[in-house]
1. If we scan the range 327-338, do we find a residue that is of a type outside the set (Lys, Arg) and surrounded by 14 or more Cβ atoms within 10 Å (Cβ to Cβ)?
2. Check HIS489, HIS461 and return the single one that is at pLDDT 80 or above, crowded, with 20+ Cβ neighbours inside 10 Å and either in contact with a Pro (Cβ under 7 Å, 6 or more places away or on another chain) or part of a helix (DSSP H, G or I) (or both).
3. Output the qualifying pairs, or none if there are none: Cβ atoms under 8 angstrom, residues six or more apart or on different chains, first residue in the range 166-187 and surrounded by 11 or more Cβ atoms within 10 Å (Cβ to Cβ), second residue of a type in the set (Lys, Arg).
4. Since LEU237 meets every condition but one in (1) out of contact with any Leu (no Cβ under 8 Å at 6 or more places or on another chain); (2) at pLDDT below 95, which condition does it not meet?
5. Scan the range 282-301 and give yes if some residue there is surrounded by 14 or more Cβ atoms within 10 Å (Cβ to Cβ), over 25 Å from GLY191 (Cβ atoms) and at pLDDT 80 or above, otherwise no.
6. Output the helices (runs of 4 or more DSSP H) that fall wholly within the range 200-291 and possess 3 or more residues being without any contact (Cβ under 8 Å) to a residue 24 or more places away in the chain, assigned by TED's automatic domain parsing to the domain that holds VAL147 and among the aromatic types (Phe, Trp, Tyr), or say none.
Amino acid sequence: MKSSGVDTTAGQDLAGVDLPGVDLPGSDLPGSDLPGSDLPGAEGEVVAGFGAWEAAVRTDLGEAGDPESAQFWALVAQIDQAEAEADAGADGGLVGGGRWVDPAQELMVGLAGAGANLARASAVDAEDLVRVFEPGIVSALETVGRVRAQVEGLGFALAVEASTRGLPTQVGLTLGEWLRVRCPWISRQEGAQIADIVRAGKTPWGTQLGADVAAGITPVRRAWRVAKTMFRLAGCLQVDQQIDYAQIATSAAANPDITDPELELVCKKLLIDLLDKKPREDAKRFAHELRCVSRRPLATGLTRLTIDAPDADAALLEGVLNGPLAAPAPAQDGTPDQRSWGQRAYDALIMVINRGMSNPGSPPSSGRASVMITIKADPTTGKPVGAGVTALGQILDPEQVGRFACTGDVTPIALGDYGEPLSLGRTVRLATPGQFKALLVRDGGCTFAGCTVPGTYCDAHHLAWWSREGGTDILNLVLLCPRHHTLVHDKDLTATIRGSNVTWHL
């Protein structure tokens, strides 16, 4: 090491502290006695002496003397750690001797030190790695996992603080969007997942989940699975139940012995238990609350849509997907339809949607769902009683069967006590286009009191249900929006028509 030529006195605070790779002038930092400070009237010489000492230190430190370098902050981190160990014990930001710890400095020093150490590890190239024994490779991989978890946890904690301070809203962005701008290395999906977990952490059931992510215990991808499940279940549970359900999923997510597929099963089991353990009416209501459409980009130009539908609505959708519009359609020259079932089902669904969007004022015509429902009937009267079952196994209660008869092409099969077919009905005839136009003129829109949904978005409801031998004539039909149509069938409500007025008996 070069000599500064300046007499220095060993510092007291760091006496005896060994800083690897750092050779300071005089083996230690200078103490309180500045060079030449004992010379009266020699201020200029004092300043000059100190400047010479500082220049010598910077020369000896090299890159570590540059505050803009990672080596500088790594050195500061070593010094701070040495001081902290010497001071023994911190209290509310104050360490022994009354020194205040600056959180911002701690954050930057720690990250810079970590970056410097990672740079050192990354300097081991492929040629060097071949000389590392297998236990070393395995150990290094495990360490990478721990470091990654810590970095992800710190990033999440910073995102929580940014959200709390309202930094994203100050620039008109959501938290996910703001993270994408500030952290371009994360994907759009990861940014959205972090935002969801931050939101979950502000709920009574999500406090522990957020804490586990911030501590690096639970990865973001696993915590998001829990948050997504709980957001869906929360509306069906009391607060104490939310906490109990979340505790199960949160503990599973934090357990490294539980794989991602197993965690997925845990979350699904919570949903199944919620529906299966509730009375029939509660299960129907919860299923309605849990209806959902989610989307996930797969690649450029392709998006995956996932639908979670209550059984009655699922039967309606499957009626479209398996109906006449989804049947194979040979070309004009007789060439067989080469589309797969999935492609034909997709084309049928899009065709139904396009028809509705392109002709919003037109009455329903073709393209309705075609569904076969098996209904048990009283052998003495032939009238349907009890629930119905679709061809794909969905169980529909009598109210849902009645609603379905109004909105889909239903082929009913009445069964006796032993499951024997009593009769095979023909496909139910819906309101004709002419009848629907007449209903638009008479009713205008949904006839339920206080509802303002236009008639073009309504269904033609049989006042005397078709399943109860009601006819499809204008005096037995009224317009109802889908929401009130469901309510009328669930509550078995009746109405009276007087001229152009429809009065519901609630």
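The values are calculated or read from the model by the stated rules, or taken from the named source; none is laboratory data. As the structure is a computational prediction, the values presented were derived from the model and not from experiment. Cβ atoms come from the backbone with ideal geometry, glycine included; neighbour counts cover every protein chain shown.
1. Taking every residue of the range 327-338 in turn, none turns out to be of a type outside the set (Lys, Arg) and surrounded by 14 or more Cβ atoms within 10 Å (Cβ to Cβ).
2. Residue meeting the stated conditions: HIS489.
3. GLY176/ARG188; ARG180/ARG188; ILE186/ARG180
4. (1)
5. For the range 282-301, residues surrounded by 14 or more Cβ atoms within 10 Å (Cβ to Cβ), over 25 Å from GLY191 (Cβ atoms) and at pLDDT 80 or above: absent.
6. Hits in the range 200-291: none.
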